[in-house]
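Take a look at the structure set out below.
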Amino acid sequence: MSDSGSDGGKWLDAHYDPVAGLYTFSSCMDLADLSGDGESRLVVGDLGSGSSGMKLKVYRGTALMSESTLLDLPAGLVAFFMDLHEPRIPAVAVASGPCIYVYKNLRPYFKFTLPGLEVNTLEQDVWQQVREGQIDPLTLKEMLESIRKKADVPLSVRSLRFLSLDTADMDEFVQLHKQQPIRRQTVITCIGTLKKSTADEDGVSCLVIGTESSDVYILDPEAFIILSKMSLPASPTLIDVTGQFDVEFRITVACRNGNIYILRRDSDKPKYCIELSSHPVGLVRVGKNVVVGCTDERLQGFTQKGKKLWTAVLPAPITTMAAMDLPTRGFQGVLVGLANCEVQLYRDKNLLSTIKTPDVVTSICFGRYGREDGTLIMTTKGGGLMVKILKRTAGFQDRDSAPGPPLAQSVRLNVPKKTKLYVDQTLRERENGLAMHRAFQMDLSRLRLAAAKAYVKALESSLTPMSSSLTEPLKMNAVVQGLGPSFKLTLNVQNTAACRPVMNLAISFLYDESLYRMRCPYMRIPLLVPGLIYPFETFVECTSDKGISDIIKVFILHEGKSSPLLTAHINMPVSEGLTLN
């Protein structure tokens with residue numbers, strides 16, 4: 001074993017096999033004591049090549065202990081206790097297609113198939129006519145397309161496959177399938193476990209499965225009958241379960257429409273909904289909060305009722321997520337695999353540790369492996385297997401590298417004892433609370449009224465730096481340059497419209513003629529093109545030697561209108577030139 005130095009030496013590199021040939025996701029990995037000898041094994045649903053070579057593999061230590069062939073791609077894998085028999089050995093449930101394959105003692109034990117869905121009656125009638133030879137394949141295609149557009153019940157897989165064929169292949173497909181009955185079958189998208197009556201670690205657990213038909217089923221662990229069925233607005237992709245079926249439970253489901261729904265025991269519809277700004281790619285429960293990783297490279301925390309708590313920005317897209325639960329230390333966190341070959345550990349929004357990996361991590365599993373409680377198991381994009389062990393001396397501090405408030409903020413202040421003045425003031429507030437509140441509300445109302453009057457006055461006299469007119473949306477600012485007695489006054493005027501030019505405008509100045517003399521007190525403005533800033537310059541000369549200054553008012557006028565479009569008050573500086581003389 002060697003120290004992993006990229007994260008401060010918190011982890012030990014126990015094993016790395018870059019050619020293990022494991023292609024899987026976090027939902028298809030679990031740790032369980034499958035032999036009852038106190039040593040946990042790694043159970044993996046290997047995806048193989050995607051079309052062949054799917055296997056259920058069991059690792060003990062660094063060696064492959066056994067493997068079994070799977071008939072279809074695994075969608076999820078869980079280890080659970082299905083009975084109270086001794087010795088206490090968990091079973092393994094593999095969700096694959098429309099079926100759940102249950103293995104006990106690493107041997108096939110039971111197969112559960114999801115109930116079939118309702119078939120469209122119009123679709124059945126059309127295929128019956130084909131069976132009786134009343135219509136040809138081209139007519140069948142037209143009728144099926146019409147049914148697909150109008151019917152509430154979706155078409156079966158057979159009809160959808162027929163509609164995707166070329167005209168030359170339709171007749172052969174019809175002859176091959178027309179005698180077979182039509183079935184519409186859903187598939188499993190995610191799987192989890194729910195304790196039945198006790199929260200013990202070896203308590204009997206129910207299976208919770210999400211399906212492509214937007215349903216969630218809870219299965220009895222012994223008879224494998226459906227105990228409860230719940231409906232969702234969209235197909236679930238990620239699932240997390242907590243609680244007990246006989247007492248109270250919460251099922252948190254991330255769906256394909258980009259929302260997260262929370263189901264409870266007393267309802268067959270979602271109790272709460274969390275709307276995300278982008279699609280979720282990871283869902284982990286930490287205590288009473290839910291941590292969600294999204295495609296916009298953000299990690300977000302929510303309460304059980306959907307209130308957003310925090311957001312952390314990640315340096316790369318998320319590839320996988322898993323919970324890190326260490327009961328012996330009272331520690332709970334979230335492990336996040338990133339596309340930049342890093343695995344980051346978060347507690348809330350605080351980054352605690354970063355692990356550099358030789359390849360992109362595709363699945364993460366943390367728990368007891370062998371006889372080590374803090375074992376981190378990862379598989380990589382190239383099929384590699386990595387095992388790391390958390391050092392017993394490793395410590396995690398919430399603010400190792402994450403920005404946030406200083407630690408001194410959490411130190412308790414030495415609050416002085418209550419004085420007699422404080423007590424008297426408190427008693428006065430209790431006795432006269434109603435009158436004080438009314439006086440405060442009266443003053444607040446007066447302040448709001450004064451602010452509203454000043455705002456209306458500014459709009460009516462065009463004292464704002466931007467025009468409120470929709471036909472001539474203008475913006476103006478003024479710059480005064482010079483020490484005196486001569487000043488250069490520059491007005492920057494901009495047409496803020498999207499595409500409409502403004503014309504027939506003029507600039508007029510109003511000033512005290514005993515103090516100032518202006519070279520051009522009136523200027524015409526040419527056509528203003530949208531988006532461009534037009535500078536207009538003039539010179540102002542201070543004629544007074546008393547060392548005083550005044551305001552020069554600037555008006556932007558439109559031909560034929562009596563009120564100005566814009567008004568600006570320029571506070572002129574004191575003429576330093578005359579003062580020196």
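What number of residues in segment 386-426 are loosely packed, with under 10 Cβ neighbours inside 10 Å, at pLDDT 65 or above and part of a loop (DSSP other than H, G, I, E, B)?
Going through segment 386-426 one residue at a time, the tally reaches 10.
Mind checking which residues of segment 76-91 are open to solvent by 30 Å² or more (accessible area, probe 1.4 Å) and part of a strand (DSSP E or B)? Reasoning before the result, please.
So the first thing to find is which residues in segment 76-91 are open to solvent by 30 Å² or more (accessible area, probe 1.4 Å), and the list is 81, 84-89.
Within segment 76-91, just PHE81 meets the criteria.
Give segment 353-363 a look and list any residue that's open to solvent by 10 Å² or more (accessible area, probe 1.4 Å) and assigned to a strand (DSSP E or B), or say none.
Within segment 353-363, THR354, LYS356, THR362 qualify.
Here is a list: VAL119, VAL130. Which entry is within 19 Å of SER214 (Cβ to Cβ), open to solvent by less than 50 Å² (accessible area, probe 1.4 Å) and either out of contact with any Lys or Arg (no Cβ under 9 Å at 6 or more places or on another chain) or touching a residue at least 12 places away in the same chain (Cβ under 8 Å) (or both)?
On inspection, the qualifying residue turns out to be VAL119.
Report those strands (runs of 3 or more DSSP E) wholly inside segment 145-255 carrying at least 3 residues which are of a type in the set (Val, Ile, Thr) and surrounded by 14 or more Cβ atoms within 10 Å (Cβ to Cβ).
Per the criteria, 188-195, 205-211, 236-244, 248-255.
Suppose we keep only residues that are part of a strand (DSSP E or B) and small (Gly, Ala, Ser) within segment 290-335. Which one would you say is surrounded by the most Cβ atoms within 10 Å (Cβ to Cβ)? If you could, list the steps in order and put the result at the bottom.
Step one: of segment 290-335, the residues part of a strand (DSSP E or B) are 290-294, 298-302, 308-313, 318-326, 331-335.
When the remaining residues are screened for being small (Gly, Ala, Ser), the result is 293, 301, 312, 322-323, 333.
Values: GLY293: 28, GLY301: 19, ALA312: 20, ALA322: 25, ALA323: 19, GLY333: 23.
Out of the qualifying residues, it is GLY293.
If I go through segment 20-71 residue by residue, how many of them are touching a Gly at 6+ places or on another chain (Cβ under 7 Å) and open to solvent by 70 Å² or more (accessible area, probe 1.4 Å)?
Residues in segment 20-71 being touching a Gly at 6+ places or on another chain (Cβ under 7 Å) and open to solvent by 70 Å² or more (accessible area, probe 1.4 Å): 1 in total.
Can you tell me which of VAL78, VAL43 is within 16 Å of GLY383 (Cα to Cα) and either modelled with pLDDT of 85 or more or small (Gly, Ala, Ser) (or both)?
After applying the criteria, what remains is VAL43.
Run down PRO521, PRO530, PRO485, PRO535 and say which single residue is modelled with pLDDT of 90 or more and in contact with a strand residue (DSSP E or B) (Cβ under 7 Å, 6 or more places away or on another chain).
Criteria check complete, one pass: PRO535.
Can you name the condition, by its number, that PRO108 falls short on among (1) within 34 Å of the chain's Cα centre (by Cα); (2) closer than 30 Å to ARG88 by Cα?
It fails just one condition, (1).
Look at segment 320-352 and say how many of its residues are among the hydroxyl-bearing types (Ser, Thr, Tyr) and touching a helix residue (DSSP H, G or I) at 6+ places or on another chain (Cβ under 6 Å).
Total meeting the criteria: 1.
Which ones in segment 536-561 are part of a loop (DSSP other than H, G, I, E, B) and more than 22 Å from SER575 (Cα to Cα)?
Selection gives GLU559, GLY560, LYS561.
Among the candidates LEU527, LEU489, LEU483, which residue alone is open to solvent by 60 Å² or more (accessible area, probe 1.4 Å), farther than 21 Å from ALA458 by Cα and in contact (Cβ under 8 Å) with a residue 60 or more places away in the chain?
That would be LEU483, the only listed residue that is open to solvent by 60 Å² or more (accessible area, probe 1.4 Å), farther than 21 Å from ALA458 by Cα and in contact (Cβ under 8 Å) with a residue 60 or more places away in the chain.
Being outside any loop (DSSP other than H, G, I, E, B) and either open to solvent by 50 Å² or more (accessible area, probe 1.4 Å) or at pLDDT 90 or above (or both) is the filter here, so list the residues in segment 274-284 that pass it.
Once the filter is applied, which keeps residues that are outside any loop (DSSP other than H, G, I, E, B) and either open to solvent by 50 Å² or more (accessible area, probe 1.4 Å) or at pLDDT 90 or above (or both), segment 274-284 yields GLU275, PRO280, VAL281, GLY282, LEU283, VAL284.
Could you give every pair whose Cβ atoms fall below 8 Å, whose first residue belongs to segment 92-108 and is within 15 Å of THR211 (Cβ to Cβ) and surrounded by fewer than 22 Cβ atoms within 10 Å (Cβ to Cβ), and whose second residue is among the basic types (Lys, Arg) and at pLDDT below 90, counting only separations of at least 6 or pairs across chains?
CYS99/LYS111
Would you mind telling me which numbered condition in (1) open to solvent by 60 Å² or more (accessible area, probe 1.4 Å); (2) closer than 14 Å to GLU472 by Cβ; (3) touching a residue at least 24 places away in the same chain (Cβ under 8 Å); (4) of a type outside the set (Ser, Thr, Tyr) LYS561 fails?
(3)
The values are calculated or read from the model by the stated rules, or taken from the named source; none is laboratory data. Just so it is clear, the model here is predicted, and its values are computed rather than measured. Note: ideal-geometry Cβ built from the backbone for every residue, glycine included; neighbour counts use all protein chains shown. The accessibility values were calculated without ligands, DNA or RNA, using every heavy atom of the protein model including side chains. Shrake-Rupley method; radii C 1.70, N 1.55, O 1.52, S 1.80 Å.
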